[in-house]
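No value in this document is a laboratory result; all are computed from the given coordinates. Keep in mind the model is a prediction, meaning the values are calculated, not measured.
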Amino acid sequence: MAETIKIDGLDQFVRNLRKIDNDLPKTLRVGFNDAAKLVVDYAQSRVPHKSGKAAKSIRATSTRSMVRVSEGGGRARPTLPPKSNHGM
């Protein structure tokens with residue numbers, strides 16, 4: 001089950017950071033990655049580990065204004081339980 005957390009005003013905040021210093025939004029992205037790593041670690045610990053491929057398929061991707069944790073793809077998807085029953 002996909003959950004979305006939206007932060008009101010984040011887009012404006014990122015634009016204002018860019019006005020101060022063009023590299024500041026990249027620093028924010030690093031923070032997003034750190035937060036997503038907590039979710040990835042939690043999810044990986046709850047996936048069955050027959051070959052480890054399913055757990056390794058859980059990953060975070062980010063941009064300057066959002067982060068996404070996704071799973072599956074390739075050979076990993078058949079070993080994952082149905083999306084509605086990930087136990088999270």
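Residue by residue, the stretch 38-50 carries 3J(HN,Hα) couplings of 4, 5, 4, 4, 4, 5, 4, 6, 9, 8, x, 10, 5 Hz when phi is fed to the Karplus relation 6.51 cos²θ - 1.76 cosθ + 1.60 (θ = phi - 60°); x denotes Gly or Pro.
Bridging of Lys6 to aspartates and glutamates at a Cα separation below 19 Å is possible for Asp34, once same-chain residues fewer than 8 apart are set aside. Among all the aspartates and glutamates, which ones have a C-alpha under 20 Å from Lys50's C-alpha, if same-chain residues fewer than 8 places away are not counted? Hits, sequence-local ones excluded: Asp41, Glu71. For a distance above 11 Å, tell me the whole-number percent of Cα pairs in the stretch 1-49 that qualify. The calculated P(r) of the stretch 1-49 puts 75 percent of pairs beyond 11 Å.
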